[in-house]
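Here the structure comes first, spelled out in structure tokens, and everything after it is commentary.
The values are calculated or read from the model by the stated rules, or taken from the named source; none is laboratory data. Worth saying up front: this structure is predicted, and the values here are computed from it rather than measured. Reconstructed Cβ throughout: ideal geometry from the backbone, glycine too, with neighbour counts over all protein chains shown.
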Amino acid sequence: MKINSNHARAAVLGCALVLLSGGAAAGTTLAGNNVSYQFDAGELGLFGSASVVGGNLVFTPAGFSADGPLGFASETINITVMADAGYVLTGFGLQETGGYAGDAESAYATGTFTAIDIEGTTGKQLPVSFNGVNGGGTWTADALIALPASGWGGADGEVTSVTLTLSNQLFAVGDSSIWKNGVSISATALPVPEADTYAMLLAGLGLVGFMARRRAGHTV
């Protein structure tokens with residue numbers, strides 16, 4: 001039996017916000033598409049190494065595997081995603097791949113992908129559970145999180161930073177074994193309309209209303 005276990009301790013926003021007790025400041029920042037990903041590289045553990053590919057945060061696992069007869073491996077990491085200036089976060093995606101040997105029903109992968117509102121004051125969280133789908137010696141897993149249109153992002157309601165917690169577990173029973181090959185996290189960020197855009201929109205609506213009233217007056 002082989003047991004791998006290494007638990008992440010903290011994730012932070014910048015250098016001041018400590019999300020979990022006993023944590024340290026995020027030491028690595030990688031730029032994606034209109035976002036940046038912050039995490040403590042010392043807590044990657046079985047997730048191995050991290051890079052940005054196509055704007056997504058990609059982990060290349062190192063030894064993230066479990067072997068029967070009673071194999072188990074677990075890892076958790078926290079990533080703070082921050083939108084670039086002029087953008088807001090709207091959702092996140094997760095894709096994982098791996099392989100297995102032996103009985104497909106005796107080797108399986110599970111996990112939880114959670115978004116945490118770190119700008120608000122109520123600790124809102126959106127957890128999504130996922131399971132690997134086995135077939136032909138490989139397995140895949142995916143999860144999606146859509147942020148609500150309101151209620152997140154603090155007083156201004158604009159979500160510019162969110163912490164993602166990714167928790168993974170692998171299980172293998174009997175003569176089976178299972179391993180993780182890759183993890184990809186995507187973040188969707190959309191532009192925030194500028195103040196002058198709002199002003200033009202309001203002015204346009206006012207003009208439409210004025211013209212409608214004039215037409216109504218002429219038709220009486």
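Some values worked out for this structure:
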item	result
Whichever residue in the range 72-93 is in contact with a Ser or Thr (Cβ under 7 Å, 6 or more places away or on another chain) and closer than 30 Å to Ser176 by Cα and, among such residues, is surrounded by the fewest Cβ atoms within 10 Å (Cβ to Cβ)	Gly93
From the options Ala66, Ala50, residue that is over 26 Å from Ala189 (Cα atoms), assigned to a strand (DSSP E or B), hydrophobic (A, V, I, L, M, F, W, C) and modelled with pLDDT of 95 or more	Ala66
Which listed residue is out of contact with any strand residue (DSSP E or B) (no Cβ under 6 Å at 6 or more places or on another chain) and either assigned to a loop (DSSP other than H, G, I, E, B) or at positive phi (or both), from Ala155, Ala149	Ala149
Members of the range 118-150 found to be hydrophobic (A, V, I, L, M, F, W, C), closer than 12 Å to Thr97 by Cβ and surrounded by 15 or more Cβ atoms within 10 Å (Cβ to Cβ), listed by number	Trp139, Ala141
Some residue of the range 121-136 being in a strand (DSSP E or B), among the aliphatic types (A, V, I, L, M) and more than 23 Å from Gly55 (Cα to Cα)	yes
Number of the exception - Leu202 against (1) loosely packed, with under 11 Cβ neighbours inside 10 Å; (2) at pLDDT 50 or above	(2)
